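Okay, so here's the structure we're looking at.
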Amino acid sequence: MNPLHTALWGVLPYVVVTLLVAGTAWRYRYDRFGFTTSSSQLHESTLLRIGSPLFHYGLLFVAAGHLTGLLIPESFTDRVHVHEWLYHANALAIGGVAGLVTTAGLAVLVLRRLRVPAVRAASLRTDRIVHPLLAATLIAGLAATATTTSAHPYDYRQGVSVWFRSLFTLTPDVPVMAHAPLVYQLHALLGMALFALWPFSRLVHAFTAPVGYLFRPYVVYRSRGARGGIRR
């Protein structure tokens, strides 16, 4: 087995997970109040109102599509009678649109950061790494999605997905990933680099998303005049 392939697809994923978990724990321990995007809305809001929803909502669909494609095996969709052509058509349509929307939102946010002096001055050093890395990851993902329309498309569900699921059993299927097309390998490497930098950048604010807000009980407001009659 090629040592480089073993290092990239058999060792590196676990190094990235270690950095992600340990880095997040370290950041929470020593920089708990830094779990924020350092909002710059006061400096400029017009472009932010356009770019932020496009990027964040698009990214949610991109993440959902990746989890579905990587975690759900082909045998399951066969059992529930989802034809392979229908699955790939939906992945191409929804994933392609979500990727384009996310890329457009990121482009607006980067343009805003470059054009508005106050926003540019508030930029962190990690932004200069994370923004290009995000853009490269999205473009590589769109390129991989576009290859599904070729005459002989690569079936990532029998390649990349198998490798990804094998990581959870601590028996990484290195040969499967080593024989994947270059664009898929590049997308995977860029994604791992992004997760390795995640705890040390603004991206860490994703872990503070107010998910509990969706499930909190209703807040009931009562007028103080309800018990003492109508107040003047």
*Most to least accessible of ASP173, ASP78, ASP127 (protein chains only, probe 1.4 Å)*: ASP78, ASP173, ASP127
_Theoretical FRET efficiency, 1/(1+(r/R0)^6), r = Cβ-Cβ of TYR30 and ALA151, R0 41 Å, to 0.05_ = 0.15
*THR18 versus SER45: modelled label distance in nm, points set 7 Å from Cα along the beta carbon direction*: 4.7
*Helix runs (DSSP H) in the chain reaching 20 Å along axis by Cα, Kyte-Doolittle at least 0.0*: 12-30, 46-71, 84-115, 127-146, 182-197
*Hey, if you put +1 on the Cβ of every Lys and Arg and -1 on every Asp and Glu Cβ in region 25-81, which of PRO53, SER40, GLY65 ends up farthest toward the positive end of that dipole?*
SER40
*When only Cα pairs under 8 Å and 6 or more residues apart are kept, what is the percent relative contact order across region 39-114?*
61
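Place a +1 charge on the Cβ of each Lys and Arg in the chain and a -1 charge on the Cβ of each Asp and Glu, then give the dipole magnitude about the Cα centre in debye, rounded to the nearest 20. Each step should come with its number before you reach the end.
Details: 20 positive and 8 negative charges, 382 e Å.
Dipole size: approximately 1840 debye.
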*asked:* Could you work out how much longer the chain between ARG120 and PHE207 gets when fully extended? Use 0.36 nm per residue separation minus the Cα distance between them, nm to one decimal.
replied: 28.9 nm
_Segment ASN90-HIS66, length gained on full extension (0.36 nm per residue, minus Cα span)_ = 7.4 nm
_Leading residue at positive end of dipole, the chain (Cβ point charges), from LEU190, VAL82, THR208_ = THR208
*Normalised by the number of residues in the chain, what is the relative contact order in percent for Cα pairs under 8 Å and 6+ residues apart?*
32
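The values are calculated or read from the model by the stated rules, or taken from the named source; none is laboratory data. In this text the structure is predicted, and so the values were computed from the model without any measurement. Positions of Cβ are generated from backbone atoms using ideal geometry, with glycine treated the same way; all protein chains shown enter the neighbour counts. What goes into the accessible areas is simple: the full protein's heavy atoms, side chains included, and nothing from ligands, DNA or RNA. Shrake-Rupley method; radii C 1.70, N 1.55, O 1.52, S 1.80 Å.
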